[in-house]
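Down below is the structure, laid out as structure tokens.
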């Protein structure tokens, strides 16, 4: 289950917030996307740094006047915190997306899972598996080859 493996930290804005507020939040939290939630903390959209560039700056709009609801990708596909990694992969694949809002049983947002998060988790697991299943001499040879490259 996602809730057991991913540390959820949610950064969200409201549809009425300005693009400038989103930029400041992204800068402060060092993230490339934020969730757009309604007053009940249910996801209604997502805004990425690319959205800001293309839908605001790219159209020469003032970031203080441009509202999130005009920039966001509405009705994002979501995944439940009780779902697993492969559910995330399937949802990202089917939706051709790289970020998925995570919701609890009430449909309230609790975080976002990104392609990078999944890649990091799977990489660590493969590394752990390799360490336990590869003969020590093979690991030594592999280390020599990668150091020389």
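Restricting the first member to region 101-125 and to residues that are in contact (Cβ under 8 Å) with a residue 12 or more places away in the chain, and the second to residues that are part of a strand (DSSP E or B) and loosely packed, with under 14 Cβ neighbours inside 10 Å, no beta-carbon pair is closer than 8 Å while six or more apart or on different chains.
Here is a yes/no grid of residues against (1) at pLDDT below 95; (2) out of contact with any strand residue (DSSP E or B) (no Cβ under 8 Å at 6 or more places or on another chain); (3) surrounded by 17 or more Cβ atoms within 10 Å (Cβ to Cβ):
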| site | (1), (2), (3) |
| --- | --- |
| 39 | yes, yes, no |
| 44 | no, no, yes |
| 54 | yes, yes, no |
| 62 | yes, yes, no |
| 71 | yes, no, yes |
| 77 | yes, no, no |
| 81 | yes, no, yes |
| 101 | yes, no, yes |
| 114 | yes, no, yes |
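For the residues 53, 44, 23, the requirement of being part of a helix (DSSP H, G or I) and either in contact with a helix residue (DSSP H, G or I) (Cβ under 8 Å, 6 or more places away or on another chain) or touching a residue at least 12 places away in the same chain (Cβ under 8 Å) (or both) singles out 23.
The values are calculated or read from the model by the stated rules, or taken from the named source; none is laboratory data. In this text, all values refer to a predicted model and were calculated from it rather than measured experimentally. Note that we place each Cβ from the backbone using ideal geometry, even for glycine, and neighbour counts take in every protein chain shown.
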